[in-house]
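Below is one structure, written out as structure tokens; the observations come after it.
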Amino acid sequence: MSKDAQMRATINQKLIETGERERLKELLRAKLIECGWKDQLKAHCKDVIREKGLEHVTVEDLVAEITPKGRALVPDSVKKELLQRIRTFLAQNATL
């Protein structure tokens, strides 16, 4: 395992152990709903299904189609806030 992958695994484990990962996920969910991201993505899903036809779309196809758009629609402010929370967590738990 590379040093980078090892560090990511260690950080992820620490996030899970402390419960911070769940708190960050809840924060992200709330922020995405608040900014309208969920509604935009839902509308995009409906468009894709309408365009291709319900009987011609699998869940895998839908996920592959909407994932890039979903990532692109996340506002920079939400990304920055989440990143800042992670940095703060890491600073407080510098013994990793």
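No value in this document is a laboratory result; all are computed from the given coordinates. Keep in mind it's a predicted model, so treat the numbers as computed, not measured. Don't worry about glycine lacking a Cβ; one is built from the backbone with ideal geometry, like all the others, and counts go over all protein chains shown.
Label zone (Lys3, point 7 Å along Cα-to-C-beta; backbone nitrogen cut-off 18 Å) within segment 63-96: 95-96.
Given R0 = 35 Å, the distance between the Cβ atoms of Lys25 and Glu55 translates into a calculated FRET efficiency of 0.55. Computed from Cα atoms, the angle from the helix 76-92 axis to the main principal axis of the chain rounds to 20 degrees.
Taking the helices alone, the chain has a mean residue ellipticity at 222 nm of -27000 deg cm²/dmol, built from -39,500 (n - 2.57) per DSSP H run of at least 4 residues and averaged over all its residues.
What net charge is computed for the residues neighbouring Ser77, neighbours being all others with C-beta under 12 Å from the C-beta of Ser77, Lys and Arg scored +1, Asp and Glu -1? Neighbourhood net charge equals 0.
By how many degrees, 0 to 90 and rounded to 10, does the Cα axis of helix 3-18 deviate from the longest principal axis of the chain? The answer is roughly 90 degrees. Within the straight-line cut-off of under 27 Å between alpha carbons, the lysines reachable from Lys42 are Lys25, Lys31, Lys52, Lys69, Lys79, Lys80, sequence neighbours fewer than 8 places apart in one chain being disregarded. The angle separating the long axis of helix 37-52 from the principal Cα axis of greatest extent in the chain is about 40 degrees.
For Ile33 and Lys80, the difference between the fully extended length at 0.36 nm per residue and the C-alpha to C-alpha distance is 15.3 nm.
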